Amino acid sequence: MSGNQNGLIWSGRLSHKSAGNYRNAFDGLVYGSNFKELDFSGMVGLNKKWGYSRLYFSKFGQEINIIDGLRDAQGYFMKNTVLEGKQVKVRVTDDELQNSTINPSNSQDLSNYKISLNNYFNLGKGSLSLNLAYSINNRREFGNVFKPNEPDLYFYLRTYYYDLRYNFAEKNGFETTIGTNGMYQKMENKGNETLYPDFNLFDNGVFVFTKKKINKLTLSGGLRFDIRDLSINKLYIDAEGKFQTNPVGAVEERFKGFSNTFKNTTGSLGAVYKISEHWSVRTNIARGFRAPSVPEISSNGEHAGTFRYEIGNINQLSEVSLQNDLGITFENKSWYFDLNLFRNQIDNYTFSERVQGVSGKDSIINGVPVFHYRQGNARLMGLEGTITFNPESLRWFSITQSYSMVNGVNLSAKNDSAKYLPFMPSPRWLTNVKLTKANIGKTLRNAYFSVELEHNQKQDQVLLAYNTETFTPAYTLVNVGMGATITNRQKKAIFSVYLAANNLFDVAYQSHQSRLKYLDVNPVTGRQGVFNMGRNLSIKLIVPFEIKKN
């Protein structure tokens, strides 16, 4: 709902989702794939000649079961429970598979609260914008059958964000902006276990950006200086081998703490040249910077949500990149073509790699594989291309073909098995055919029908070292959609209806970037992991209404 009364504006939105376990052709109903969401957001503000001021608030809440892929010898999903005071595995019942109940001892509870104030002021020929925000993020992970309602992991994160920028009046063809933005974060552990320690973080960046148009050439560029102060507290271990942030009752100091300041200068320079009425080319070169995150430095614990035991690297360095890209675009009344090539060289690229024990077997802690964060020099190269045919004489018909791929190489690799970077997306083809009709009879408006073919090629450029990744076969999905708006005799919309079917032919597949691909083998089928969602049907109904105030 939204409203406007003489420049006083407001809006509000409420949404709820409740999802049962999804199904696919190989796994049937997948236990632990259900979730619930309850979200609301709103805004109140003023629009005036001097600019605007808007106060936003939102709350995002989500309860998610965790898919762990546990199965018995007959291939049925299992779960942990308490029987006669002991933790045991039992078969999941049909009722549990078919309802949307959240398992309190194997789930996540996420909630994020945010309030922000966005301001824009017209100052003569220039303008000033000021944005301030504050958020509280609660992330709880539950994994203890003896204490099902007590979170094992509980991250309590508070963030203060600011952004201030001044837009100068155009002068001699230059459009220039200067500004500063950054944030302060404070994270506290409130759970029974610890994955990484408490920390305090302060980011600040100052920048200048300008753009100038010279006949058919448009130039743009900017410089930015960033600084991050990061302080990570100590981490201790108790008599049972569990990590804790409090020294009371600890028997050993496991992480000595960390304090460092990361800073770097980055910049970019780009150009767009209009070759003719229909053709244009563009290029850009940019230097990037990313300071290491707290988990990459100090993780040391089991992360149930990713089915990993993660170990950080206290010697993490900042990532520094140099990216070049080149693009070309053609557009006329019937055709649109765009091709973009890119190359990104990254020093100290951060990735996670599976750990192997001294015997050559996978390292396992508490039944989950161990991964540690590593760094090396890397190169990412790829392209994105799109071509659309929408004939001027047949506007109701259009066909779009797109393709994207990226090749990630570890330049610091010492053997072929470690040559490629992990979790790179598969090359993908998308073909979309869409038919539209503005009017059908006296009551149907904006009708459409679309068919999309999504083909993901085999991904064989993987990190084979230490069994970190495996090849992913190619797969093809078909998605269809249709919709229209129903009107009355006065041609006013009564309602709009939209139908969609994703993965129409119920193909069983695994995305290369899915963590579920590496869960336990199904002893009946011999297939490793859990497969993605099968056929998904949806219907969307929009009924507009308006309240007029006399």
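The values are calculated or read from the model by the stated rules, or taken from the named source; none is laboratory data. Model, not experiment: these values are computed from the prediction. Glycine gets a Cβ as well: all are built from the backbone with ideal geometry, and neighbour counts include every protein chain shown. To get the accessible areas, we keep the full protein, side chains included, count just its heavy atoms, and leave off ligands, DNA and RNA. Shrake-Rupley method; radii C 1.70, N 1.55, O 1.52, S 1.80 Å.
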- Note on the structure: Scanning segment 517-527 residue by residue, those in contact (Cβ under 8 Å) with a residue 12 or more places away in the chain and open to solvent by 20 Å² or more (accessible area, probe 1.4 Å) turn out to be 518, 520, 523, 524, 525, 527
- Item | Subset of segment 425-444 [on the phi < 0 side of the Ramachandran plot and either modelled with pLDDT under 95 or open to solvent by 60 Å² or more (accessible area, probe 1.4 Å) (or both)] | 428, 429, 434, 435, 437, 438, 439, 440, 442, 443, 444
- The lone condition residue 118 fails out of (1) among the polar types (S, T, N, Q); (2) open to solvent by less than 60 Å² (accessible area, probe 1.4 Å); (3) closer than 28 Å to residue 152 by Cβ; (4) assigned to a strand (DSSP E or B) is (3)
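If you check residue 39 against the conditions, is it free of Cβ contacts under 8 Å to residues at least 40 places away in the same chain, within 30 Å of residue 113 (Cα to Cα) and open to solvent by less than 50 Å² (accessible area, probe 1.4 Å)?
Spelling it out, residue 39 is indeed free of Cβ contacts under 8 Å to residues at least 40 places away in the same chain, within 30 Å of residue 113 (Cα to Cα) and open to solvent by less than 50 Å² (accessible area, probe 1.4 Å).
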- Note on the structure: Checked against (1) among the hydrophobic types (A, V, I, L, M, F, W, C); (2) surrounded by fewer than 16 Cβ atoms within 10 Å (Cβ to Cβ); (3) in contact with a Ser or Thr (Cβ under 7 Å, 6 or more places away or on another chain), residue 199 satisfies every condition except (2)
- When you go through (1) of a type in the set (D, E, K, R); (2) surrounded by 15 or more Cβ atoms within 10 Å (Cβ to Cβ); (3) not in a strand (DSSP E or B) one by one for residue 147, which number turns out not to apply? (2)
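Tally time: how many residues in segment 76-103 are touching a strand residue (DSSP E or B) at 6+ places or on another chain (Cβ under 9 Å) and in a loop (DSSP other than H, G, I, E, B)? Spell out how you get there, then give the answer.
Step one: list which residues in segment 76-103 are touching a strand residue (DSSP E or B) at 6+ places or on another chain (Cβ under 9 Å), which gives 76-83, 87-92, 94, 96-98, 100-103.
Pick out the ones that are also in a loop (DSSP other than H, G, I, E, B) and you get 76, 92, 100-103.
Residues that pass the stated criteria total 6.
Condition check ((1) modelled with pLDDT under 95; (2) open to solvent by 70 Å² or more (accessible area, probe 1.4 Å); (3) of a type in the set (Ser, Thr, Tyr)) across all residues:
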residue: 203; (1), (2), (3): no, no, no
residue: 221; (1), (2), (3): no, no, no
residue: 229; (1), (2), (3): no, no, no
residue: 237; (1), (2), (3): yes, no, no
residue: 242; (1), (2), (3): yes, yes, no
residue: 247; (1), (2), (3): yes, yes, no
residue: 250; (1), (2), (3): yes, no, no
residue: 257; (1), (2), (3): yes, no, no
- Item | Residue in segment 292-306 that is in a strand (DSSP E or B), open to solvent by 30 Å² or more (accessible area, probe 1.4 Å), of a type in the set (Val, Ile, Thr) and under 24 Å from residue 230 (Cβ atoms) present | no
- Message: Can you tell me which residue is surrounded by the fewest Cβ atoms within 10 Å (Cβ to Cβ) among those in segment 478-507 that are modelled with pLDDT under 95 and outside any strand (DSSP E or B)?
- Response: 490
- Query: Just one of 448, 475 is under 17 Å from residue 528 (Cα atoms), in contact (Cβ under 8 Å) with a residue 24 or more places away in the chain and surrounded by 13 or more Cβ atoms within 10 Å (Cβ to Cβ); which is it?
  - Reply: 475
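Anything in segment 404-438 that is among the charged types (D, E, K, R) and either outside any strand (DSSP E or B) or in contact with a helix residue (DSSP H, G or I) (Cβ under 8 Å, 6 or more places away or on another chain) (or both)? List them, or say none.
As a first pass, look at segment 404-438 and keep what is among the charged types (D, E, K, R): 414, 416, 419, 428, 434, 437.
Across segment 404-438, the qualifying residues are 414, 416, 419.
Residues checked against (1) out of contact with any Pro (no Cβ under 8 Å at 6 or more places or on another chain); (2) open to solvent by less than 50 Å² (accessible area, probe 1.4 Å):
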| position | (1), (2) |
| --- | --- |
| 376 | yes, yes |
| 380 | yes, yes |
| 385 | yes, yes |
| 390 | yes, yes |
| 394 | yes, no |
| 402 | yes, yes |
| 406 | no, yes |
| 415 | yes, no |
